[in-house]
Amino acid sequence: MQRTGLFIERAGFLQRLNPLTKVTGALLLIGATFLLPAPLTGAALLGGVLLPLALASRVARRFFDVLLKTLLPVLISLALVQGLFFPTSDPTTIAVGPFLFRRAGLQFALDTGSRLLVVAGAPLILFQTTHPGTLVQALIQSGMPRSIGYILLVALQLIPAISERAVGVAEAQRARGLETEGNVLQRIRGVLPLVSPLIIGALVDAEERAMAIEARAFNAPGPKTWVRDIPDPPAERIARITMLAALGSMVVWRVMMFFFG
Amino acid sequence: MTTSTTSQRGELSSTALALIPIAIAINVALGHLVQSVLKLPIYLDSIGTVLVGVLLGPLAGAITGLLANVIWGLTLAPSALPFAAVAAVIGLIAGYARQYGAIRSWWKMALAGVITGVVAAAISAPIATYVFGGVTGAGTDVLVAMFQNLGASVLGASFMQGAVSDPLDKTITYLIVWAIISALPKRLLARFGATEQ
Amino acid sequence: MFEAQSGFNPLSAAMLDARMNDVSPHLAPIALRRVTFTYAGATEPALRDVTLTVPAGQICAVIGRAGAGKSTLCALCAGFVPHFFRGRLDGDAVVDGLSVATHPIAELVRHVALVGSNAFSQISGARFTVYDEVAFGLENLGVPRPEMIERVEWALQALGIDHLRDRSPYALSGGQQQRMVIAAALAMRPPVLALDEPTSQLDPPAMAELADVLRALSRQGITILVAEHRLEWVAEVAERVVALDRGAILADGAPAEVLTDPRLCECGIGWPRPTQMAARARAEGRWVPDRPLPITVADLAAGLCAVAPDQDAAHERDGAIRSTAVQPDGKNGSPRMTHAAEPIVSLEAVHFTYPTGVEALRGVSLTVQRGERIALVGRNGAGKSTLVRHLNGLLRPLRGRALVNGVDTRTTTVARCARHVGVVFQDVRNQLFARTVRDEIRFGPRNLGFSPEKVSALTEAAIDALDLRDVVDEHPYDLPHARRRLVAIAAVLAMDTTLLVLDEPTAGLDSASISLLVRLIDDLAARQRSVLVVSHDLDFCYEALDRVILMREGQIALDGRFANLDNTQMATLDSDVGLPIALRLRYVST
């Protein structure tokens, strides 16, 4: 029915975990790709961690679908731009057809690309297996300001409605003779009549919504309660501490390497 | 009788809480509207951020920018997440532009747009370089290739690419915001214009 | 109890008065005493010396023209005046024992709930199901979970939305959203509910449902204050009516008295339609002279029956009705110029399917001639909006043809169709953007490339046609909702198109503004312009228009004249959208 962001409603391994555990895991993966040597780490994490997790959570197809759709243009551009134009003193080149690729450039593209797949893939699998409402509730319960959580959830649900309103504005103004299919000058003249109603309407909405926030006692003093409970078994808490410790030791190792290695 | 709607603990007022999510949704919806209906090559994907910054100040502006990119990451492409810092700074600058009274004349707004564009380019360059290898997968990558071919480093080329395209987009954004705010009804200005951070 | 004492000396009477003021807030859920409120920056007060006491469990309706102070009164009872909308407040306003001036909104929400007309913007948006949305306010108040669950369940039951609990708040219909927002407010267990124009976004079935819900809540002891402009709905649901005129109470009493008070007509609020019709009948001597004027259709029918008991009742009532409404068939009954000119718009077997797969139009054929006055009616989702978007090329047929002024919409642009067909959409927010009313109205004719003199003449004519002369230099958004809609209509009227399409033009309008629209449509038809109105307001359609087109499941189920509908056609109309009062009387009687 109504899609809520990237979340896919399915029962699987990651879906059963507490959101905080998944957030910690994603941070660990991203940290590792920057702290450990590329491209091996990236490849290992993608194939050895993200792929099994995606399979166990029954989102593997959609995971790779979205990952490639969003990253493929970047990866291709990376290979072309850096492969051909990477600033380097290394004269080694590899000929592919009529093009002379620079070895150092391809190496750079490979390193960055492998890292990028994990940097984008870790949050992607988090969002695909965690309902935004649950994620925000867990983050608020562990100290994120409630206002930040509120803004995130409302924005998420408003995007379809505002997009629909944008279509309505375009229809209303075209029905008043606004030329949107003419030359560039005519179309530039159309920017304001299209943008203004949307924004003024948004401000009017915001006033009414501010009343609703007050009416629901959002700013009432005192402790808050939650109608839903997010399970957090001790095993997951231990797992989170372990992952944070691993991340910490990687940082320490990397700093030591920098000074002594 | 004149109890403030702003919470006393330095949190966001209910007005800010109501406006920011709508501004974020506008960032997403407007870029699409202008490109699909008018087929103009401008993005305007920070118009909501600039609007909130100019109306409600630096803090609200920064939060709008930051969370807009988080939402972008949550809904479409997690690869937008690293640029959240850039969006936050755009909102922050818009807030300071308000404090310097930029809203009073169009050329000050245009100037604020140029400054925002240059600063945005400067902050995105290292992120683009270290996370994305200097490219974005869009047409502007041709510029990166060109600058690198002229002898620039990856970081330098990435910055120069941004410095060419960002100030124009941000200047247009600021001018549109100026045009809209200077035509706002009294009632709304009283609610949004007078709320100092 | 105190009368015996108070009769003895003035001193104890004063004491009694003091004690009554102290006591009465606990007795009456809403107790306003000499309240005057002026918005910050305004010169005139929005409420003047208002004294009002509403007892527990009463449904008290507040009526008045746009800007009369109805919304301010509701906002005051919930503390939004003066805490959210600032200004100067004098007098005592006490709700459920609390003075609204000295208690913050966050505390008042446990005592009084305010629900506005636009349900959409009152959804918190922070929750993904109806159930969680209703619980949201309780979470913020820190209500313990077991109690929270119990209250949410009660509220869902009370509003009849239990079956929707797992749906997304944004996937509900307007009426369902309205009930969810009320449930969310009532879950906080306030004994007082203030509703500001609750029906303005609702279609007739949803209005009837809301009335049932309010009656049920009132039986449970909840006090309801409802600001409303639809007087027929007020007559159905209210136990008491307060009429406001420029911020002051004009009349206060039982619905049957207040709604038939002649002063309502003098100040522009008007009467409910059954009352108007009976008054016309009375003027023509077809109403028992000492019989009070009715406020409901049932009373109207009974009254018309009583006047001629020994004659053929059906015929007599029919005759009465003919002359009680502005009837089309006298002056404009027959289609005008059917052969003289090319139709303004003609649709030929139009099919349209949205990319989502929804088959919205399934073979619609329709022509609009000059000088026609057409009502386009049908249930939500019947295809009305899709049809309207084919009249000016916003949508183009997948199969079949749509011709605007003889030109196939597939070969032209929307901007060019706009020379012949002007459309005012329901949501006027999507249209308004200029600094002043005059600039807003000028935008359309300028787009069409008219000469400056012509633009100016058309603009000024439209300003006068919709009675906006006094606000031409105001910002459209500084006007009340109702007048904003008139601005939107004027802005399209000024384009001087041969066909004017109005989508739900009467939503939120008071009766004086509706009369203005009726006159406008008459005038346009007289000048060989055509009007097509999409509306749920059948009485308005009957009064202002003559041809009726009923859409059902993407097809035209009925296309005829109100004056000539036979019983089968009336049954068809009735089953989908209901009948105008005048036809309902005729239909029931035969």
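The values are calculated or read from the model by the stated rules, or taken from the named source; none is laboratory data. What you are looking at is a predicted structure, and each value in this text was computed from that prediction instead of being measured. We place every Cβ from the backbone using ideal geometry, glycine too, and count neighbours over all the protein chains shown.
Answer with yes or no whether C:Ile295 is among the aliphatic types (A, V, I, L, M), modelled with pLDDT of 90 or more and closer than 21 Å to C:Asp537 by Cα.
In short, yes.
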| request: Please determine, by comparing only the residues of the range C:104-126 that are without any contact (Cβ under 8 Å) to a residue 40 or more places away in the chain and not in a loop (DSSP other than H, G, I, E, B), which one is surrounded by the most Cβ atoms within 10 Å (Cβ to Cβ). | output: C:Leu108
| query | If only one of C:Arg435, C:Arg419, C:Arg442 is more than 9 Å from chain A (Cβ to nearest Cβ) and either part of a loop (DSSP other than H, G, I, E, B) or surrounded by 24 or more Cβ atoms within 10 Å (Cβ to Cβ) (or both), which one is it? | reply | C:Arg435
| task | Residue by residue through the range C:366-409, note down the ones that are assigned to a helix (DSSP H, G or I), of a type in the set (Lys, Arg) and closer than 13 Å to C:Ile344 by Cα. | result | none
| field | Candidate set from the range C:529-539 (those that are at pLDDT 95 or above and within 21 Å of the chain's Cα centre (by Cα)); member that is surrounded by the most Cβ atoms within 10 Å (Cβ to Cβ) | value | C:Leu532
| task | Would you mind finding the one in B:Ser165, B:Ser153 that is at the interface with another protein chain (Cβ under 10 Å from one of its Cβ atoms) and among the hydroxyl-bearing types (Ser, Thr, Tyr)? | result | B:Ser153
| field | Qualifying positions in the range C:54-103 - out of contact with any Leu (no Cβ under 7 Å at 6 or more places or on another chain), more than 22 Å from A:Ala212 (Cα to Cα) and either among the aliphatic types (A, V, I, L, M) or surrounded by 22 or more Cβ atoms within 10 Å (Cβ to Cβ) (or both) | value | C:Ala56, C:Ala61, C:Arg65, C:Ala66, C:Leu89
| Of the residues B:Gly65, B:Gly53, which is surrounded by 22 or more Cβ atoms within 10 Å (Cβ to Cβ), within 10 Å of the chain's Cα centre (by Cα) and closer than 15 Å to A:Ala155 by Cα? | B:Gly65
| message | Condition first: touching a helix residue (DSSP H, G or I) at 6+ places or on another chain (Cβ under 7 Å) and more than 9 Å from chain B (Cβ to nearest Cβ). Now tell me which residues in the range A:85-100 satisfy that. | response | A:Thr88, A:Asp90, A:Thr92, A:Thr93, A:Ile94, A:Phe99
| field | One residue from A:Gly12, A:Gly5 being within 14 Å of chain C (Cβ to nearest Cβ), touching a residue at least 60 places away in the same chain (Cβ under 8 Å) and farther than 19 Å from A:Arg254 by Cβ | value | A:Gly5
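Got a sec? Which of A:Gln137, A:Gln82, A:Gln107 is within 8 Å of chain B (Cβ to nearest Cβ) and either in a helix (DSSP H, G or I) or touching a residue at least 60 places away in the same chain (Cβ under 8 Å) (or both)?
A:Gln82
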| request: Scan the range C:330-351 and give yes if some residue there is at pLDDT below 85 and outside any loop (DSSP other than H, G, I, E, B), otherwise no. | output: yes
| request: Can you confirm whether the range A:193-215 contains a residue that is more than 7 Å from every other protein chain (Cβ to nearest Cβ), of a type in the set (D, E, K, R) and out of contact with any Lys or Arg (no Cβ under 9 Å at 6 or more places or on another chain)? | output: no
| said: Give me the residue from the range C:127-148 that is within 7 Å of chain A (Cβ to nearest Cβ), in a helix (DSSP H, G or I) and touching a residue at least 12 places away in the same chain (Cβ under 8 Å) and, out of that set, nearest to A:Lys224 (Cα to Cα). | reply: C:Leu141
| Are there any helices (runs of 4 or more DSSP H) wholly within the range B:69-165 with 2 or more residues that are modelled with pLDDT of 90 or more, within 29 Å of A:Ile30 (Cβ to Cβ) and in contact with a helix residue (DSSP H, G or I) (Cβ under 6 Å, 6 or more places away or on another chain), and if so which? | B:84-99, B:106-132
| task | Just give me the residues in the range A:56-76 being touching a Phe, Trp or Tyr at 6+ places or on another chain (Cβ under 9 Å) and either within 12 Å of another protein chain (Cβ to nearest Cβ) or without any contact (Cβ under 8 Å) to a residue 12 or more places away in the chain (or both), in sequence order. | result | A:Val74
| message | Can you report the number of residues in the range C:266-288 which are of a type in the set (Ser, Thr, Tyr) and in a loop (DSSP other than H, G, I, E, B)? | response | 0
| query | Within the range A:214-227, can one find any residue that is surrounded by 21 or more Cβ atoms within 10 Å (Cβ to Cβ) and in a helix (DSSP H, G or I)? | reply | yes
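Of the residues that make up the range C:471-488, is at least one more than 26 Å from B:Ala190 (Cβ to Cβ) and either away from every other protein chain (no Cβ under 14 Å) or part of a loop (DSSP other than H, G, I, E, B) (or both)?
no
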| request: Would you list the helices (runs of 4 or more DSSP H) that sit entirely within the range A:7-77 and hold 3 or more residues that are out of contact with any strand residue (DSSP E or B) (no Cβ under 6 Å at 6 or more places or on another chain) and β-branched (Val, Ile, Thr)? | output: A:19-35
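To keep it simple, each residue is scored yes or no on (1) among the polar types (S, T, N, Q); (2) surrounded by fewer than 16 Cβ atoms within 10 Å (Cβ to Cβ).
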{"position": "A:Gly5", "(1), (2)": "no, no"}
{"position": "A:Arg10", "(1), (2)": "no, yes"}
{"position": "A:Gln15", "(1), (2)": "yes, no"}
{"position": "A:Leu29", "(1), (2)": "no, no"}
{"position": "A:Thr41", "(1), (2)": "yes, no"}
{"position": "A:Arg58", "(1), (2)": "no, no"}
{"position": "A:Arg61", "(1), (2)": "no, yes"}
{"position": "A:Val66", "(1), (2)": "no, no"}
{"position": "A:Ala95", "(1), (2)": "no, yes"}
| For the range A:25-41, how many residues meet the condition of being under 18 Å from the mean Cα position of the chain (by Cα) and within 30 Å of B:Gly139 (Cβ to Cβ)? | 3
